[in-house]
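**Q** Dropping the structure in here first, questions after.
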Number of protein chains: 2
Amino acid sequence: MRVLGVDPGLTRCGLGVVDVARDRRATLVGVGVVGTSAQEPLDARLLLIARSIDEWLDRYEPEVVAVERVFSQLNVSTVMGVAQASGIVIAAAARRGIPVALHTPSEVKAAVTGSGRADKAAVTRMVTKILRLETSPRPADAADALALALAHAWRGAAPGSPSAVGRTTAMTANALTPAQRLWAEAESRARRKT
Amino acid sequence: MRVLGVDPGLTRCGLGVVDVARDRRATLVGVGVVGTSAQEPLDARLLLIARSIDEWLDRYEPEVVAVERVFSQLNVSTVMGVAQASGIVIAAAARRGIPVALHTPSEVKAAVTGSGRADKAAVTRMVTKILRLETSPRPADAADALALALAHAWRGAAPGSPSAVGRTTAMTANALTPAQRLWAEAESRARRKT
């Protein structure tokens with residue numbers, strides 16, 4: 001399953017594409033950030049985001065687009081730009097007939113790190129491990145977009161499985177790599193549930 | 001000058017097109033509302049709004065799109081849908097190279113009724129008079145979209161003129177129709193300023 005994750009934003013819009021196999025193994029396909037300057041007029045900024053999303057959808061042809069569900073905790077001026085960008089992203093996917101899934105930040109954090117209250121550094125660290133990357137995706141928006149894509153793919157791949165597929169607190173040294181350990185844990189849980 | 005005014009919203013998105021002559025006389029060209037149901041998924045709703053905006057831009061070829069600047073006074077769940085719709089509208093105009101102007105609700109109210117704190121009924125009443133309509137545009141979102149377009153056109157047509165072009169409180173009976181009285185007042189003010 002190929003998923004495009006989008007962490008919407010006006011100043012920085014994170015984009016990440018992953019391929020996730022039936023066995024939950026995930027591979028990085030593409031990652032990036034569309035940045036727009038607050039010096040530019042709003043219409044130029046939103047157009048740049050619209051064009052970038054179209055490019056990513058054309059280039060990577062994802063089966064699903066996972067978008068962060070925007071939240072009220074943010075301050076209002078930030079929410080506005082985030083919501084405007086997310087509207088454009090969702091409409092762009094819908095225009096191509098690509099399903100859109102919305103996930104809350106805490107769902108994504110829980111899926112990737114095991115804790116819904118994980119900080120950005122923990123999310124980045126886990127995304128880096130899960131995708132077996134040599135360097136961490138930067139900025140955090142790019143890592144968040146990948147986390148969204150992973151969270152969605154895992155939910156989709158194993159319906160009914162726990163949304164938390166691993167716990168950072170359980171990441172003690174053992175024979176498995178952290179990512180392998182995650183899969184093992186997730187799979188053993190999924191088996192226990194069924 | 002042809003202006004498309006948009007009162008963005010997820011449940012109801014008001015659209016109004018007016019032609020405004022050099023002498024500030026305004027004519028209704030088109031008015032409508034795109035309604036989407038809360039029962040539909042968000043992506044289907046935003047797609048409907050995106051397609052409608054594209055249709056209106058293609059059909060009426062406005063020179064400017066005037067969009068209501070979204071505000072923090074609204075509750076957060078409303079703001080989200082409004083902002084998502086406005087993002088789509090702004091990007092659609094920008095994609096066609098059509099300039100976008102943002103106006104606050106109080107700017108629009110002041111331009112159309114003379115008071116920045118006018119209620120929806122007063123705005124509808126003035127829009128009906130200004131455009132010489134036999135019946136008021138309904139729902140209020142449609143009237144708001146027309147008010148936005150008028151407010152923008154008047155600002156653009158006479159730079160430096162007061163943003164309040166008439167006062168409902170001054171609408172006492174006399175030989176002029178209310179709309180004619182408005183023009184007369186606005187023009188006499190514009191002359192006084194220059």
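**Q** Give me a single rounded figure for B:50-59: the average over its residues of other chain Cβ atoms within 10 Å of their Cβ. Walk me through the numbers before you get to the answer.
**A** Details: counts 7, 3, 0, 1, 1, 0, 0, 0, 0, 0.
The per-residue average across the peptide is 1.
**Q** Please work out whether the stretch B:1-119 counts as rounded, prolate or oblate from its C-alpha gyration tensor, where a ≥ b ≥ c are the square roots of the eigenvalues and a/c under 1.5 means rounded, while otherwise a/b larger than b/c means prolate and anything else oblate?
**A** Verdict is oblate for the stretch B:1-119.
**Q** At what distance in nm do the modelled label points of A:R138 and B:R51 sit from each other, each positioned 7 Å from its Cα along Cα→Cβ?
**A** With each label placed 7 Å out from Cα toward Cβ, I get 4.4 nm.
**Q** Evaluate peptide B:78-86: per residue, the Cβ atoms of other protein chains within 10 Å of its Cβ; return the mean as an integer.
**A** 6
**Q** Would you mind estimating how fast the stretch B:59-137 diffuses translationally, via Stokes-Einstein at 10 °C and 1.306 mPa s with the Kirkwood radius over Cα pairs, in µm²/s?
**A** 111 µm²/s
**Q** How crowded by other chains is B:33-44, given as the mean number of beta carbons from other chains within 10 Å of each beta carbon?
**A** Per-residue shielding by partner chains comes out at 3.
**Q** Now a separate question. With bins 10 Å wide starting at 0, give me the P(r) of the stretch B:90-132 over every alpha carbon pair, in whole percents.
**A** 28, 34, 29, 9
**Q** Sticking with this structure for a sec: Taking the alpha-carbon centroid of each part, what is the distance from the stretch A:84-148 to the stretch B:1-35 in angstrom?
**A** 39 Å
**Q** Now for a different question. I'd like the FRET efficiency for A:R25 and A:R96, computed as 1/(1 + (r/R0)^6) with the beta carbon distance as r and R0 of 25 Å, rounded to 0.05.
**A** Working from the Cβ atoms, E equals 0.40.
**Q** Going by how many other Cβ atoms sit within 10 Å of their own, how do B:S77, B:S86, B:S115 line up, fewest first?
**A** Details: B:S77 10, B:S86 28, B:S115 17.
Fewest-to-most Cβ neighbours within 10 Å comes out as B:S77, B:S115, B:S86.
Quick note: the coordinates plus some simple rules give every number you see, no bench work behind them. Quick caveat: nothing in here was measured; it's all calculated off a predicted structure. Here the Cβ is made from the backbone with ideal geometry for all residues, glycine too, and neighbour counts use every protein chain on show.
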